[in-house]
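The values are calculated or read from the model by the stated rules, or taken from the named source; none is laboratory data. The structure presented is a predicted model; accordingly, all values stated were derived computationally and were not measured. Here the Cβ positions follow ideal geometry from the backbone for every residue, glycine too, while neighbour counts run over all protein chains shown. For the accessible areas, the whole protein counts, side chains as well, though only heavy atoms, and no ligand, DNA or RNA atoms are used. Shrake-Rupley method; radii C 1.70, N 1.55, O 1.52, S 1.80 Å.
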Amino acid sequence: MKIAVDAMGGDNAPQTVVAGVERARDEFTDLEFILFGKENEIKKYLKNEDRIKIVHTDEEIVMNDEPVRAIRRKKNSSMVLAAKAVKEQQADAFFSCGNTGALLAAGLLIVGRIKGITRPGLLSTMPVLGQTDGAFNLLDSGANAENKPEHLHQYAILGKYYAQRVRGIENPRIGLLNNGTEPHKGSQVTQAAYHLLSADESLNFVGNVEANAILKGVADVVVADGFTGNAVLKAIEGAAGAMVHLLKETIMKSGVVGKLGALLLKSSLSGLKDKMDQSRYGGAVLLGVRAPVVKAHGASDSTAVYYTLRQIHKMLKEEMVPELVSYFAQQEEKKAAQKTEEKND
């Protein structure tokens, strides 16, 4: 298994990217890496080149670049070359900490959609409070500004496969993010999506779920349109960061007694911080394209890079994408057969 890595993407590249790659390389003996970026900069931080190939390029896509234009104009950028390596089957997956919009564009325009998928979605993994290793998947968490009901239905299927193969949940609960739990609540899109999800017997659909309940573990996969999903994702991230900051501020202002109490609770507070650290759950996955395309946060440290590469390793080992390709190919065949029957009738 080989992963193409955009070694120039992210705030702390290539240092943190190289460190995360080497940690994953040392843990998973079946992994190889192709690092795209400035060779001298990469080698500065690389301890050894075992199962690591470097492809030099000086060109990179920066955060301020317009995504689609950058993909089309910067043909020799580290991100475009990494995506092309997957398209040309020189690598099995594509990873970057760089420009999110450019990564989405590279996934769609270079790696390409799975036949039968109308609009790929971005899947993020978030913590469930009150459970040691509890988590849920949210998609679409920002790949699309607008969606149709059939897109949300496909997201439910994509999320189901991810939860089964990567997270090991045999029959994942699928929830539809809405402004109420009643079937008649929501926009025309969510109401239509509710009916599609309810009618699909292959899904363990638990109905509508509200934003204030998703952190309680009401569903394993939460489906949403990209605009709403991204807003919820950012709200959770912002609230988690604010909570940690407020806790620190309160402790510092509470005097000697408060600081002593914090010292006694140090391990518990550390566990809380880890629980709310999204990076430990891996990166955001563009589901619906022909290979794993995964994005880590631009400010990721080496640990976050490592967790994301571990996530990609799991996706490759479980052959999740080939299963999705097979499933949607079968669905397309059924549609074609149905049209033929209707035409003959």
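Within the stretch 195-227, being over 14 Å from P172 (Cα atoms) and either within 16 Å of the chain's Cα centre (by Cα) or open to solvent by 50 Å² or more (accessible area, probe 1.4 Å) (or both) holds for H195, L196, S198, A199, E210, A211, N212, K216, A224, D225, G226, F227. When the stretch 279-305 is examined, which residues are found to be of a type in the set (D, E, K, R), surrounded by fewer than 22 Cβ atoms within 10 Å (Cβ to Cβ) and either touching a His at 6+ places or on another chain (Cβ under 6 Å) or closer than 23 Å to Y161 by Cα (or both)? Hits for the stretch 279-305 are R280, R290. Of all the residues in the stretch 9-27, those that are aliphatic (A, V, I, L, M) and more than 11 Å from F95 (Cα to Cα) number 4. State whether one or more residues within the stretch 24-37 are basic (K, R), part of a helix (DSSP H, G or I) and modelled with pLDDT of 95 or more. Among the residues of the stretch 24-37, at least one is basic (K, R), part of a helix (DSSP H, G or I) and modelled with pLDDT of 95 or more, which makes the answer yes. Pairs meeting the criteria (first residue in the stretch 1-30 and under 23 Å from G107 (Cα atoms) and charged (D, E, K, R), second residue surrounded by fewer than 19 Cβ atoms within 10 Å (Cβ to Cβ) and modelled with pLDDT of 95 or more, beta carbons under 6 Å, at least 6 apart or on different chains) are K2/E32. Show the residue pairs meeting these rules: Cβ distance below 9 Å; 6+ apart or different chains; first residue within the stretch 90-108 and closer than 13 Å to G10 by Cα and part of a strand (DSSP E or B); second residue open to solvent by less than 20 Å² (accessible area, probe 1.4 Å) and among the polar types (S, T, N, Q). These pairs meet every condition: F95/T308; S96/S78.
The condition of being over 25 Å from A163 (Cα atoms) and either of a type in the set (A, V, I, L, M, F, W, C) or open to solvent by 10 Å² or more (accessible area, probe 1.4 Å) (or both) holds for only one of K75, K115, that being K75. In this entry, K53 is excluded by the filter for residues that are more than 17 Å from V321 (Cβ to Cβ), open to solvent by 70 Å² or more (accessible area, probe 1.4 Å) and either in contact (Cβ under 8 Å) with a residue 24 or more places away in the chain or part of a helix (DSSP H, G or I) (or both). M63 falls short on exactly one of the conditions (1) at pLDDT below 95; (2) buried (at least 17 other Cβ atoms within 10 Å of the Cβ), and that condition is (2).
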